[in-house]
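Heads up, the thing below is written out as structure tokens.
The values are calculated or read from the model by the stated rules, or taken from the named source; none is laboratory data. All of these numbers come straight from a predicted model, not from anything done at the bench. Methodologically, a virtual Cβ is constructed for each residue, glycine included, from the backbone with ideal geometry; neighbour enumeration extends over all protein chains shown.
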Amino acid sequence: MGFLKKFENRLVAPKADLNLRFCDSYVVLGDNLEGALIVSPREDIEAMEIRCEINCVETAQVIRNEYNPALKTIVPRQVTETRILYSGKPSCNPAIELINGITKEFKFSINIPAGTRPTCQSINDQVEWKIKGVIGVHGRPDVTSKEQCFQVVLPSQRPLNEPVKLRLVECQYCQTAMPESTLLCPNCGARRTI
């Protein structure tokens, strides 16, 4: 490989197609966003990490008092402010070698903290949740998917006909899976300690 080709590789991201697929059309605050990152490499890639990057951004119209030198007084002015309410980079898979032409699917389950805000859009305020898939590559730019928005709703907005997803935990005595909300194991009757 020539010097120019090595130099060019340090500036150009590896060739791969990344797509995100979600299990549900929305996620409830406090629940997990579940889905898969589908990776189709178009060249061999030594990936340091496969991850998702998720953030919640609020854009709001606020009134700020500013000094106006022409009027020699403080006047109110409407400005747009943006702030990040939540940000995370959960890993889907550690270092892996991706082979040209072989599509792989990496499942993810990312908790949406209950203390954050749901998706909303009003005249003065907008809260958006976004996620993108990333292949981290050493010495080259990362490969990223298109950023996608997803819907986050309050627990009270969950449809009535949808059952609540139960998280299962393992009994420390008989290793039987049981709902997280139960205190006694349905198999051996032992009291849950966690």
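Looking at the stretch 115-124, is at least one residue in contact with a Gly (Cβ under 9 Å, 6 or more places away or on another chain), outside any loop (DSSP other than H, G, I, E, B) and loosely packed, with under 15 Cβ neighbours inside 10 Å? Checked the stretch 115-124: no residue is in contact with a Gly (Cβ under 9 Å, 6 or more places away or on another chain), outside any loop (DSSP other than H, G, I, E, B) and loosely packed, with under 15 Cβ neighbours inside 10 Å. The selection criterion, being of a type in the set (S, T, N, Q), closer than 30 Å to residue 114 by Cα and loosely packed, with under 11 Cβ neighbours inside 10 Å, does not hold for residue 59. Do you know which residues across the stretch 100-114 are part of a loop (DSSP other than H, G, I, E, B) and in contact with a Leu (Cβ under 9 Å, 6 or more places away or on another chain)? Residues satisfying the conditions are 112, 113, 114.
The criterion of being more than 14 Å from residue 51 (Cα to Cα), of a type in the set (Phe, Trp, Tyr) and assigned by TED's automatic domain parsing to the domain that holds residue 21 does not hold for residue 173.
Residues are listed down the side, and each one gets a yes or a no for (1) assigned by TED's automatic domain parsing to the domain that holds residue 101; (2) free of Cβ contacts under 8 Å to residues at least 60 places away in the same chain; (3) under 14 Å from residue 149 (Cα atoms):
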| site | (1), (2), (3) |
| --- | --- |
| 37 | yes, no, no |
| 55 | yes, no, yes |
| 60 | yes, no, no |
| 63 | yes, yes, no |
| 74 | yes, yes, no |
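Could you identify the single residue in 24, 31, 44, 17 that is in the same structural domain as residue 112 (by TED's automatic domain parsing) and without any contact (Cβ under 8 Å) to a residue 24 or more places away in the chain? Step by step, each of 24, 31, 44, 17 is checked, and only 24 is in the same structural domain as residue 112 (by TED's automatic domain parsing) and without any contact (Cβ under 8 Å) to a residue 24 or more places away in the chain.
In the set (1) surrounded by fewer than 15 Cβ atoms within 10 Å (Cβ to Cβ); (2) within 30 Å of residue 46 (Cα to Cα); (3) among the acidic types (Asp, Glu), the condition left unmet by residue 180 is number (2).
Being modelled with pLDDT of 90 or more and either assigned by TED's automatic domain parsing to the domain that holds residue 27 or of a type outside the set (A, V, I, L, M) (or both) is the requirement here; does residue 132 meet it? Yes; evaluated as a whole, the condition is true for this residue. Within the stretch 65-99, being within 20 Å of residue 16 (Cα to Cα) and assigned to a strand (DSSP E or B) holds for 91, 92, 93, 96, 97, 98. Residues that are over 19 Å from residue 23 (Cβ atoms) and of a type in the set (A, V, I, L, M, F, W, C) within the stretch 102-116 comprise 102, 114, listed in sequence order. Taken together, the criteria exclude residue 170 from residues that are at pLDDT below 75, under 31 Å from the mean Cα position of the chain (by Cα) and surrounded by fewer than 14 Cβ atoms within 10 Å (Cβ to Cβ). Of all residues being loosely packed, with under 10 Cβ neighbours inside 10 Å and either basic (Lys, Arg) or touching a helix residue (DSSP H, G or I) at 6+ places or on another chain (Cβ under 9 Å) (or both) in the stretch 65-100, which is farthest from residue 131 (Cα to Cα)? Just the residue, please. Going through the qualifying residues, I end up with 72.
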